[in-house]
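What follows is one structure encoded as structure tokens, with my remarks underneath.
Bear in mind these aren't lab numbers, they're just calculated from the coordinates by the rules spelled out. On a predicted model such as this, the values are computed, not experimentally measured, just so you know. Heads up, the Cβs are rebuilt from the backbone with ideal geometry, glycines too, and the neighbour counts pull from every protein chain shown.
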Amino acid sequence: MSKPFVYITRKLPESVIEAFESVFKIEMWPEEEVPVERGVLLEKVQHADALITMLSDQVNHEIFEKQTNLKVVANLAVGYDNIDLNAAKEAGVVVTNTPDVLTDTTADLTFGLLLATARRLMEAERYVKNNSWENWAPLLMAGQDVHHKTIGIVGMGRIGETVAKRATGFEMEILYHNRSRKREAEEKIGATYVGFEELLKRSDFVVCLAPLTEETKGMFNKEAFERMKSRAIFINASRGALVDEEALYDAIHQNVIAGAGLDVFKNEPISADHPLLTLEQVVATPHIGSASEETRKTMMTLCLDNIQHVLNGKEAKTPVGA
Ligand code: DGY
């Protein structure tokens, strides 16, 4: 019997793939940084038993209509807003993601972004490397303290809770807003549940970690930024589409808020001439929340494990439901 065909939409390291080569026929798009051509994906899916997809691939009706034998789509991310779950369900295809294994790594990046923005680290680094540093000065590159301030986490899932844990080390007051109350986080971490508006009003750092859904799309708009403190810093490590980027630009440019640390953007990759990137008070990273070598490799292996489970007729390890 021939081996099941697994198509991977980016080049992944051989060291991860090799353990599965005896059980699957694996083919990959040959580029690491260039996304798969749509035509190639549409052709490959016709013969594939399984796909490993990236968050930058739109896995929609067009893909599911072409498949003939597809059993599982394993998305290399915890977020799965790039996949049409209803179309997958109609086609009888299981969808999996990579929760848990990236929680700590993504929380680290989120908190790092918060520190970098508050303490102006990137600006300070540019200043030194540009040879602009001539003298020590009392307020040179003075930023804002993080310790003892109030952090407001919007989206208290696994990553939100882990960011809250990081914040306890900085003795911060922790507010959160979520679809549902997280009593355990309240007891263990001392987080306080508040309404969205109260969180915006009271937080020194507003951290967006909510998933992208119809309800959360554009929730950080002009009104939301106007409710924040004028010294507030906005951090986004979730999805760019939760934010009205024009409103964010205006809010920072007009000193309605103090700055932003952004790992995600509405259109990725964001163009270097995007107005947001012209602001000194914006720290920008290229969607690297879960990008440590260890975690990314663990995520890849989890995708392959999920595929193996489904193709062997077992329940996926980390399925997502429609
Ligand atoms: C995810 O996995 O959805 C995150 O955005 C990774 O950074």
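Tabulated data
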item	result
GLU62-GLU21 FRET efficiency (beta carbon distance; Förster radius 35 Å; 0.05 resolution)	0.75
Sparse-neighbourhood loop sites, GluC sites (Glu not before Pro) in segment 125-222 - DSSP loop, at most 16 other Cβ within 10 angstrom	GLU134, GLU171, GLU214, GLU215
Charge dipole (debye, nearest 20) of segment 103-284; +1 at Cβ of Lys and Arg, -1 at Cβ of Asp and Glu	380 debye
Dipole magnitude of segment 262-313 about its Cα centre (Cβ charges: Lys, Arg +1; Asp, Glu -1), debye to nearest 20	160 debye
Lysines with Cα under 23 Å of LYS266, excluding same-chain neighbours fewer than 8 positions away	LYS217, LYS222
Top positive-direction residue, dipole computed over the chain with Cβ charges, set GLN46, THR9, SER292	SER292
Calculated FRET value between ASN255 and LYS297, using beta carbons and R₀ = 51 Å, to 0.05	0.75
Stokes-Einstein translational diffusion, segment 1-134 - Kirkwood Rh over all Cα pairs, 1.306 mPa s, 10 °C, in µm²/s	92 µm²/s
DSSP-assigned coil residues among chymotrypsin sites (Phe, Trp or Tyr not before Pro) in segment 81-187, each with at most 11 further Cβ atoms within 10 Å	TRP136
Pair-distance profile P(r), taking every C-alpha pair of segment 225-292, with 10 angstrom steps and integer %	21, 58, 20, 1
Residue among ALA260, SER180, LEU76 farthest towards the positive dipole end of the chain, charges placed on Cβ	SER180
Dipole of segment 103-284, positive direction: furthest Cα of SER132, VAL243, LEU279, with charges on the beta-carbon	VAL243
Column: log10 I(q)/I(0), Debye, Cα scatterers of segment 103-284, q = 0.10, 0.11, 0.13, 0.18 Å⁻¹	-0.37, -0.45, -0.62, -1.18
For the chain, built as a Gaussian network whose Cα springs stay under 10 Å, the top-fluctuating residue of ARG158, ARG126, ARG231	ARG126
Kirkwood estimate for the chain, i.e. one over the average of 1/r between Cα atoms, Å	21.1 Å
Cα-centred dipole magnitude for the chain, charges only on beta-carbon of K, R (+1) and D, E (-1), debye, nearest 20	620 debye
FRET E, pair GLU226, MET1, Förster distance 45 Å, beta-carbon r, rounded to 0.05	0.10
